[in-house]
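The values are calculated or read from the model by the stated rules, or taken from the named source; none is laboratory data. Keep in mind it's a predicted model, so treat the numbers as computed, not measured. Cβ: placed from backbone, ideal geometry, glycine included. Neighbour counts: every protein chain shown. Surface accessibility is based on the protein's heavy atoms, side chains included, excluding ligands, DNA and RNA. Shrake-Rupley method; radii C 1.70, N 1.55, O 1.52, S 1.80 Å.
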Amino acid sequence: MSQVISANRLSDGIVVFRASGGAWVEQLRDAEILPDASAVKAAMGLVEKDVLANHVIEVAAFDVAVKGDHVEPVHLRDKIRAKGPTTHPDHGKQAAL
Amino acid sequence: MYRYDEFDAAFVADRLNQFSDQVQRRLSGELTEEQFRIHRLMNGVYLQLHAYMLRIAIPYGTLSPRQLRKLAHIARRYDKGFGHFTTRQNIQFNWPALKDIPAILGELASVEMHAIQTSGNCIRNVTADHFAGAAADEIEDPRPYAEILRQWSSIHPEFTYLPRKFKLALSGSPHDRAAIQVHDIGYQLVKNDKGDTGFAVFVGGGLGRTPMVGHKIRDFLAPQDLLAYTQAIVRVYNLEGRRDNKYKARIKILVHEKGFEAMREAVEAEFAADKNELLALPQSEIDRISAYFAPPDLEERPAQSQALTARRASDPAFGAFADTNVAKHRQPGYGLLTISLKPIGGIPGDATAEQMELVAELAETFGHDEIRVSHEQNLVLPHVALDDLPAIYDALAAQGLATANAGLISDIISCPGMDYCSLATARSIPVAQRISERFADGPRAKEIGAMKIKISGCINACGHHHVGHIGILGLERKGVETYQLTLGGSADEGCKLGDITGPGFSYEDVVDAIETVVDTYVGLRTSADEDFLRAYRRVGMAPFKKALYERDSGSDI
Amino acid sequence: MTLYKNGSFVHDSWITIHEGEEISPAGHVIAPLSWWQAERQAFAESHVPIGIRVEPGATIDDFIADLPRFALIALVIPKFQDGRAYSTARLLRERHGFKGELRAIGEVLIDQIQPMLRCGFDAFEISDPVTQAALEAGRIPGVTHFYQPGVNEAPQAGARPWLRQV
């Protein structure tokens with residue numbers, strides 16, 4: 001199962017995703033898709049420094065389904081994190097989509 | 001209401017400086033997240049699904065217009081223009097940045113508010129009956145005692161690192177509107193045979209994954225012993241409560257495992273052994289604090305309001321509002337007005353900055369400067385002249401705040417659920433919205449009558465589902481939301497946990513299931529006077545179970 | 001590991017004895033409570049200073065009868081979130097009048113120093129570098145206004161008006 005690494009930014013708590021190259025981005029579509037467990041493990045090793053440098057907290061990988069160039073989290077919780085509250089379509093990342 | 005003196009103000013300023021320093025040390029990396037977490041929690045800062053969440057205490061649910069306006073300002077400036085009132089008389093903001101939180105706390109301090117101990121394993125915001133000081137059935141206003149407990153428990157050096165959180169609630173009336181029996185300690189003001197006022201004390205109540213109704217540990221506690229007795233309970237808990245498993249760490253588990261009688265003996269022994277006279281509450285101090293809560297000077301008015309009667313005759317919508325949302329005040333000609341934060345299809349407990357400002361203004365114009373926040377996630381104007389109701393109603397209606405559903409089926413308690421909460425296993429708010437839309441606030445809701453639906457999006461039970469007349473618990477089964485129903489729960493003086501109906505229902509089906517329960521009740525009640533809870537207690541689970549699970553096999557319900 | 005006591009870092013004249021180790025007849029050892037319970041008869045007539053180390057699961061009743069015999073009690077803080085020792089410390093000081101050294105050992109961090117002092121601790125074994133640095137700099141974060149009387153604290157003016165009576 002493909003995965004994406006996400007975290008929360010320390011300064012404002014906003015959900016961020018890890019892009020290839022190591023930047024933290026706010027939209028899932030800009031995130032790096034990690035195709036397998038070994039890619040996830042390698043990337044997790046690289047984010048350690050961002051945690052130690054206190055840029056991000058709560059780092060975790062989550063499952064995504066990739067269809068063409070569309071990426072969709074598999075679990076509802078991750079869908080809500082990637083978009084925003086289902087009850088407030090104008091709040092969260094979905095507002096910018 | 002209580003006003004800070006110089007000491008209180010200095011205390012909050014002090015704490016603000018301390019926490020600002022901790023935030024700075026965290027942002028600079030001097031504190032690790034693990035070390036910082038406990039401090040941020042003790043100051044009400046959580047990390048939720050989308051961002052940080054700040055939980056602000058509204059002690060015993062009492063607010064001034066000035067404070068509510070400040071909350072509106074914070075909503076606008078630091079959040080997205082709204083706030084969420086919770087089941088523990090707190091307000092939560094869902095989008096503040098960590099770096100802004102010291103500034104927000106500074107703004108709060110300027111109106112005598114704070115977020116101290118709204119989370120963490122310490123004594124939390126002290127809650128009380130939202131009708132305190134105005135209800136017709138009240139023995140005595142519990143808020144002076146709540147304020148005394150609030151002060152005593154603030155940054156208590158011995159009780160800052162308890163096994164788990166610790167919640168106190170007080171009621172001044174025989175009818176419990178504060179759910180005291182599902183708190184770690186519940187205090188009920190009572191009169192003894194001599195006519196003295198004191199407390200019946202309940203210990204070991206709580207919801208969560210192991211729900212328990214509190215045990216009455218004292219029939220009568222003299223008010224001067226309030227702090228010493230509370231200290232004895234919390235001390236026994238601090239020393240003996242489990243710390244090996246956070247799910248078994250609440251005092252309810254200690255009471256259960258130790259045995260209630262052994263717990264009672266340990267508390268009484270500790271209470272008897274404590275010779276710290278400084279904790280004895282002098283009457284002069286009770287009187288001093290009580291003076292802050294002196295009832296407003298309400299001018300005499302006729303018990304029947306002509307203005308209300310006239311408007312009722314011409315406007316059925318107003319009549320419905322007056323029937324459902326106005327409770328009996330102890331002074332004739334006045335009422336306790338519930339401002340429902342449950343618009344049909346809306347988010348339970350949410351209020352926009354504009355709505356908060358309107359309520360503040362109404363409290364100033366018509367409500368003797370007092371606002372209450374109820375654990376049922378509504379606002380209350382506790383001293384309203386019935387003559388003023390038409391004007392208040394019109395103003396509320398203009399801001400979408402005149403929903404006539406207090407105590408009815410759409411007056412739903414709901415936790416934030418998976419839309420915000422990192423602990424949630426399912427969504428709660430959208431379920432509440434759909435139920436609310438299904439039944440609305442019209443004749444059907446009135447026909448159903450008194451009904452408390454309570455929804456939690458996980459086993460931690462912030463939405464009090466165990467004590468809902470109908471409780472809904474959202475869980476995750478194999479990656480899919482599923483909703484378990486409980487029936488017959490109650491959080492009042494007849495406190496009881498609901499019974500699980502059976503297998504859960506899908507997100508799609510849960511509203512139909514609720515409707516089945518409701519229709520079954522309406523079909524079997526003896527009359528419209530037999531509310532759901534009484535009917536359930538008379539007939540039990542069987543007819544509901546049959547209706548819910550045997551529909552496909554030919555049941556005609 | 002350093003020892004912070006009464007506002008400064010001091011030389012630790014006590015030796016910690018672990019389970020099964022020999023104890024010096026000269027005393028000045030901090031031994032496990034279990035050792036004391038096994039050996040108390042042998043030391044009944046001796047006047048060497050004895051310290052005991054108390055794990056958080058123990059209750060005061062396990063050793064209170066021998067309290068006058070101890071010059072030092074070390075309360076173990078296994079995790080900084082574990083608050084049992086705060087109650088034990090207050091009970092030892094306030095109810096049982098213990099006057100010897102009350103030492104916090106284990107995970108002792110800077111933000112817990114103030115509440116520990118207020119509960120009657122007077123000595124702290126420090127191994128956390130951030131805590132060490134803050135204490136060296138004389139910086140103990142905390143508040144200066146309290147709603148409750150602490151151990152050996154004079155009531156503060158304004159704290160709770162009736163506490164002004166002394």
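See the values below:
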read-out: Total residues in the range C:17-52, condition free of Cβ contacts under 8 Å to residues at least 40 places away in the same chain and in a strand (DSSP E or B); value: 5
read-out: Test: residue in the range B:171-179 that is closer than 19 Å to B:A228 by Cα, modelled with pLDDT of 95 or more and open to solvent by 10 Å² or more (accessible area, probe 1.4 Å); value: no
read-out: When residues of the range A:66-97 are limited to those that are of a type in the set (A, V, I, L, M, F, W, C) and open to solvent by 20 Å² or more (accessible area, probe 1.4 Å), the one nearest to B:R477 (Cα to Cα); value: A:L76
read-out: Of the criteria (1) touching a helix residue (DSSP H, G or I) at 6+ places or on another chain (Cβ under 8 Å); (2) open to solvent by 40 Å² or more (accessible area, probe 1.4 Å), which one B:E481 fails; value: (2)
read-out: Pairs, first free of Cβ contacts under 8 Å to residues at least 40 places away in the same chain and farther than 13 Å from B:L105 by Cα in the range B:19-35, second assigned to a helix (DSSP H, G or I) and of a type in the set (F, W, Y), C-beta under 8 Å, six or more apart; value: B:Q22/B:F36; B:R25/B:F36
read-out: Flag if B:R243 is in the same structural domain as B:Q188 (by TED's automatic domain parsing), among the basic types (K, R) and loosely packed, with under 14 Cβ neighbours inside 10 Å; value: no
read-out: Identity of the residue in the range B:463-487, within 17 Å of B:R177 (Cα to Cα) and part of a loop (DSSP other than H, G, I, E, B), that ends up nearest to the other protein chains (Cβ to nearest Cβ); value: B:G463
read-out: The lone exception for B:L227 - which of (1) over 26 Å from the mean Cα position of the chain (by Cα); (2) closer than 27 Å to B:R372 by Cα; (3) in the same structural domain as B:I185 (by TED's automatic domain parsing); (4) in a helix (DSSP H, G or I) it fails; value: (1)
read-out: All positions within the range B:145-177 that are under 29 Å from C:Y86 (Cβ atoms) and under 18 Å from the mean Cα position of the chain (by Cα); value: B:Y145, B:A146, B:E147, B:L149, B:R150, B:K165, B:F166, B:K167, B:L168, B:A169, B:L170
read-out: Some residue of the range C:110-120 being modelled with pLDDT of 95 or more, more than 23 Å from B:A232 (Cα to Cα) and β-branched (V, I, T); value: yes
read-out: Check on B:R124, more than 30 Å from C:D82 (Cβ to Cβ), outside the structural domain of B:H464 (by TED's automatic domain parsing) and in contact with a helix residue (DSSP H, G or I) (Cβ under 9 Å, 6 or more places away or on another chain); value: no
read-out: Number of positions in the range C:76-115 that are in a helix (DSSP H, G or I) and farther than 19 Å from B:H156 by Cβ; value: 1
read-out: So C:R84, is it more than 26 Å from B:I286 (Cα to Cα), among the charged types (D, E, K, R) and in contact with a helix residue (DSSP H, G or I) (Cβ under 7 Å, 6 or more places away or on another chain); value: yes
read-out: Candidate set from the range B:330-350 (those that are among the small types (G, A, S) and within 14 Å of chain A (Cβ to nearest Cβ)); member that is surrounded by the fewest Cβ atoms within 10 Å (Cβ to Cβ); value: B:G345
read-out: Top-ranked residue of the range C:72-102 - restricted to ones that are more than 7 Å from chain B (Cβ to nearest Cβ) and in contact (Cβ under 8 Å) with a residue 60 or more places away in the chain, ranked as least open to solvent (accessible area, probe 1.4 Å); value: C:A89
read-out: Matching strands (runs of 3 or more DSSP E) fully within chain A where at least 3 residues are within 28 Å of B:R26 (Cα to Cα) and within 14 Å of chain B (Cβ to nearest Cβ); value: A:3-9, A:15-18, A:56-67
read-out: The lone exception for B:D21 - which of (1) open to solvent by 10 Å² or more (accessible area, probe 1.4 Å); (2) more than 28 Å from A:L76 (Cα to Cα); (3) within 14 Å of chain A (Cβ to nearest Cβ); (4) charged (D, E, K, R) it fails; value: (3)
read-out: Candidate set: the range C:116-145, residues that are assigned to a helix (DSSP H, G or I) and without any contact (Cβ under 8 Å) to a residue 40 or more places away in the chain; chosen: the one nearest to the other protein chains (Cβ to nearest Cβ); value: C:R118
read-out: Selection from the range A:12-53 of residues that are open to solvent by 40 Å² or more (accessible area, probe 1.4 Å), without any contact (Cβ under 8 Å) to a residue 60 or more places away in the chain and closer than 23 Å to B:D100 by Cβ; value: A:W24, A:V51, A:A53
